[in-house]
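The next block holds one structure in the form of structure tokens; read it before the comments.
The values are calculated or read from the model by the stated rules, or taken from the named source; none is laboratory data. Keep in mind that this is a model prediction, so the values were computed, not measured. Note that we place each Cβ from the backbone using ideal geometry, even for glycine, and neighbour counts take in every protein chain shown. All accessible areas refer to the heavy atoms of the entire protein, side chains included, with ligands and DNA or RNA removed. Shrake-Rupley method; radii C 1.70, N 1.55, O 1.52, S 1.80 Å.
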Amino acid sequence: MAVRAWALLPITGSDGNTREDMRISQGVFMTPDTPIKSLSGIRIGSSTATGAFDLVSGSAMQAKSTPGLEYIQGTAAQGGYDVYSDADKTLTFTDGNASNPRIVLVHLRVRDDFIDAGGQTKADIEVFEGTPAASPTVPTLPACSIPLFQVRVNAGVAAGNGGIASNPGWTAARTDVRWYTVASGGILPVGGSWNGVYPGQYRDDATNLQRWNGTAWERAWQFTPAC
């Protein structure tokens with residue numbers, strides 16, 4: 001790919017800017033992941049105690065995902081997408097298998113027909129049903145998406161018997177797997193396992209402020225509880 005700059009040339013014409021130029025160039029404002037790609041994640045900070053894109057109980061077999069802002073990185077040639085949800089979104093879970101539990105992956109995904117030829121162009125919060133099994137595994141995360149929650153759906157649960165809300169309850173059924181990101185140079189809260197990109201990068205693991213030394217994370221400062 002040639003060296004290009006967004007908004008330097010008119011969008012019309014063969015030499016104009018593309019959507020990919022725009023998305024890749026805007027990555028300069030985000031936490032780097034590679035020289036071209038940025039780190040996917042939810043924007044930290046929220047008016048609610050549990051943060052953006054939380055999963056809260058709605059009814060027996062329904063939950064709600066709360067509003068938030070998020071950045072989803074595609075391939076290096078694709079660039080990243082700024083995504084937002086401005087209202088609660090209701091998610092419906094299908095009834096449990098008669099014999100075995102399954103794990104559902106709730107994730108935020110960008111579908112771009114121009115890139116993936118999948119026939120859809122949209123961003124949405126999706127419920128990805130796992131395969132029922134005696135020891136169920138988490139479904140594989142699709143491309144151009146980030147995980148939000150894993151939800152265990154026990155065998156036999158349905159709205160008629162109280163659903164997930166009663167067995168085992170939404171709090172017990174869900175596992176928080178959200179990722180977070182900040183603007184370039186910001187201090188990241190730990191979410192998931194990842195290496196630093198450049199010496200001098202910082203992250204907060206809730207106990208220590210850590211600095212990437214080029215090879216590993218090292219403690220830069222330890223927090224002490226208030227007396």
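Give the accessible surface of the stretch 14-106 per residue, rounded to a whole number of Å², with probe radius 1.4 Å and ligands, DNA and RNA excluded.
On a per-residue basis, the stretch 14-106 sits at 47 Å².
Could you check how much of the accessible area of the stretch 47-162 is carbon and sulfur, as a whole percent, using a 1.4 Å probe?
Working: 2740 of 5320 Å².
The C+S portion of the solvent-accessible surface of the stretch 47-162 is 52 percent.
Got a sec to turn the phi values of the stretch 86-100 into Karplus ³J(HN,Hα) couplings, 6.51 cos²θ - 1.76 cosθ + 1.60 with θ = phi - 60°, whole Hz, x for Gly and Pro?
Coupling constants for the stretch 86-100: 9, 7, 4, 10, 7, 10, 10, 10, 6, 4, x, 4, 5, 10, 10 Hz.
What ³J(HN,Hα) values, in whole Hz, does the Karplus curve 6.51 cos²θ - 1.76 cosθ + 1.60 give for the stretch 202-212 when θ = phi - 60°, with x put for Gly and Pro?
10, 9, 10, 9, 6, 10, 10, 8, 10, 10, 7
Just grab the label-to-label distance for Asp82 and Thr34, each label 7 Å out from Cα along the Cβ direction, in nm (one decimal).
Placing both labels 7 Å along Cα→Cβ, they lie 2.4 nm apart.
Considering the dipole of the chain built from charges on the beta carbon (Lys and Arg +1, Asp and Glu -1) around the Cα centre, which of Gln201, Gln222, Ala159 is farthest to its positive end?
Gln222
Can you give the relative contact order of the chain as a percent, counting alpha carbon pairs under 8 Å and 6+ residues apart?
Values: 497 pairs, mean separation 37.3, N = 227.
Relative contact order, the chain: 16 percent.
Antiparallel as a % of all DSSP beta bridges within the stretch 155-219, to the nearest 5?
Numbers: 6 of 8 bridges.
If I count the DSSP bridges inside the stretch 155-219, around 75 percent turn out antiparallel.
Which of Gln210, Gln78, Gln120 ends up with the largest GNM mean-square fluctuation for the chain, with Cα atoms connected below 10 Å?
Looking only at Gln210, Gln78, Gln120, the largest GNM fluctuation is found for Gln120.
Under a 5 Å amide H to amide H cut-off, with H placed in plane at 1.01 Å, what residues pair with Ser38 once short-range neighbours are removed?
Asp33
For the chain, give the share of DSSP beta bridges that are antiparallel, in percent and rounded to the nearest 5; count only bridges with both residues there.
Values: 44 of 48 bridges.
Approximately 90 percent, going by the DSSP bridge assignments.
Quick one: which residues, 5+ away or cross-chain, put their amide H under 5 Å from the amide H of Leu148? H built at 1.01 Å from N.
For Leu148, whose amide H was placed from the backbone, the distant partners under 5 Å are Val106, His107, Leu108.
Rank these by accessible area, largest first, 1.4 Å probe: Ile187, Ile103. Walk me through the intermediate numbers first.
Numbers: Ile187 85, Ile103 25 Å².
Order by accessible area, largest first: Ile187, Ile103.
With contacts defined as alpha carbon pairs under 8 Å and 6 or more residues apart, what's the relative contact order of the stretch 111-225 in percent? Display every interim value, and only then the final one.
Values: 140 pairs, mean separation 14.3, N = 115.
Reported as a whole number, the value is 12 percent.
If you wrap a convex hull around the C-alpha atoms of the chain and split its volume per residue, what is the figure in Å³?
Details: hull volume 39.5 nm³, N = 227.
It comes to 174 Å³ per residue, whole-number rounded.
Run the helix sum for the chain: -39,500 (n - 2.57) per DSSP H stretch of 4+ residues, divided by residue count, reported at 222 nm to the nearest 500 deg cm²/dmol.
Working: 4 runs with 20 residues, N = 227.
Roughly -1500 deg cm²/dmol at 222 nm, from the helical runs in the chain.
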